[in-house]
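What follows draws every value from the coordinates through simple rules; no lab data is involved. What you see is a predicted model, and the numbers here were worked out from it, not measured in a lab. All Cβ positions, even for glycine, are placed from backbone atoms using ideal geometry, and neighbour counts span all protein chains on display.
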Amino acid sequence: MTGEQIPVAPRASRIEYAIRDVVVPATKLESEGHTILKLNIGDPIAYPGLPTPEHMVEAYVQALRDGNNGYSPSYGIPSLRTAIARDEQRKGWAATADDIYVCHGVTEALQILFASVLCEGDKVLAPGPHYPPYMAYPQMYGATTVEYRLKPDDGWKLDLEDIKSKMDDSVRLLVLINPNNPCGSVANESEIKALLDIARNFPKCMIVADEIYDGLDFTGEHVSVASCSTDVPVISLNGVSKVYYAPGWRIGYMALHDPSRRLLLVRDGIERMLRARLCASTPAQLGYLAGLESDRSWMEGYSSKVVQQRNVCIERIQSIEGLEVQSSGGAFYMFVKLTDPKWANDDKQFVLDLLHEEHVLVVHGSGFSPELGKGHFRIVYLPEPDVLNDAFDRIERFLIRHR
């Protein structure tokens, strides 16, 4: 017998995470014996041929063998903070170990940053489409997320005029995801400097530079946002998940670039939050340290493989009536436009029907932005070419059947 339900906090009941929400019906189909072609989640370890580098795994394992299983300092192991700072210096700005805060992935870094900065009535200005936590988390602190437009027919470039029109004194965080998830676009130096010019007029605003995919830039035009700023505060986010192919380790960081020394209070709040939650995984931090301090020539082979698989997707999409795509310049995503009139206004139903009829799992574009992502779906191009080709065969068959 079911009794009266204990209420849930609205902040939890309103959260949606499209990337994982679509896994629920897929899991049910798998339990019924169906094999699902998964092009939905940006986990490189879920696909063959892109394992976490062995020297990093060995460092992680050695840490366990050596008994390095205790709490680390709350801001991160000092040697790792130093190595990250050196890595950020190579990107063009004067980072120090004291500017680096190691977190339980970039997702936790966002939670800590939002909790440290946002109050009732504040705004986060983030790109649309965007990574879902930028919409989900700010509302927990009484803030709201306002989406600025990316140009869907111009390589998903920043719409700087739209950003200008939406900026005001209540915008505390102006977000740039670069390379972008879900679109795969890469903002270049001129776009970044224009963004900084906008933020410069609002003294309470900081730039959040989500650069977790920075090592997966195929345009040659990616630059660190912090390296471009001489006055505007920039909080860079990065970690081990994507470029170092170790997402399950859950190690990320935030790096505070504060050229005008305006983040003293924010830094104190971040440090208090970090101390309250203890620390990130100690052996995983040591695994990441090995990645930063070792030769990185292995990355070239990994990136080459990813690019080849991207090219397979571009070629296939261009040949399928009812689909269009802007070529991906970075990360490992494509945001595919549904031009077939049956699906152009109902991308979520397209995703669900495709899953049930053809057992191909992608993510609906409206899950990344109800308005600016609708009429699209996101694919991950990490599976092997034969899997990608099979998936596109099924997608084409599905579109023809419903035409």
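Quick rundown of the values:
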item	result
Farthest toward positive dipole pole in the chain [+1 Lys/Arg, -1 Asp/Glu at C-beta], among Leu64, Tyr148, Leu338	Leu64
Acute angle (nearest 10 degrees) that the helix 385-401 long axis makes with the longest principal axis of the chain, alpha-carbon atoms	50
Coil-residue GluC sites (Glu not before Pro) of the range 309-403, DSSP, other Cβ within 10 Å capped at 12	Glu321, Glu371
Note, ³J(HN,Hα) from phi for the range 144-161, Karplus 6.51, -1.76, 1.60, rounded to Hz, x at Gly and Pro	10, 9, 10, 8, 9, 7, 9, 7, x, 9, 9, x, 6, 5, 5, 8, 5, 5
Antiparallel %, DSSP beta bridges [both residues in the chain], to 5	55
Rounded tilt (10° steps) of 282-293 against the dominant C-alpha axis of the chain	90
Acute angle (nearest 10 degrees) that the helix 298-318 long axis makes with the longest principal axis of the chain, alpha-carbon atoms	40
In the range 76-230, lysine pairs closer than 17 Å at Cα, eight or more apart or cross-chain	11
Under 12 Å, Cβ to Cβ, from Tyr288 - net charge with Lys/Arg +1 and Asp/Glu -1	0
Contact order normalised by residue count of the range 222-296, Cα under 8 Å, 6+ apart, percent	28
Rg/Rg_ref, the range 54-293, where Rg_ref = 2.2 N^0.38 Å and atoms are Cα	0.98
Those GluC sites (Glu not before Pro) in the range 103-148 that DSSP places in a loop and that have at most 15 other beta carbons within 10 Å	Glu120
Cα gyration tensor category, rounded, prolate or oblate, for the range 209-270 with a/c compared to 1.5	oblate
Shape of the range 175-299, Cα gyration tensor, a/c cut at 1.5	oblate
Rg followed by Dmax, in Å, when the chain is reduced to its Cα trace	21.2, 64
For Val102, Val57, Val117, order by how many other beta-carbon atoms lie within 10 Å, fewest first	Val57, Val117, Val102
Table column - 3J(HN,Hα) (Hz), the range 101-111, Karplus curve with 6.51, -1.76, 1.60, x for Gly and Pro	10, 8, 10, 7, x, 5, 4, 5, 4, 5, 4
Percentage, to the nearest whole number, of Cα pairs in the range 121-239 over 16 Å apart	57
Amide H contacts under 5 Å for Val146, placed H, 5+ residues apart	Val124, Leu125, Ala126
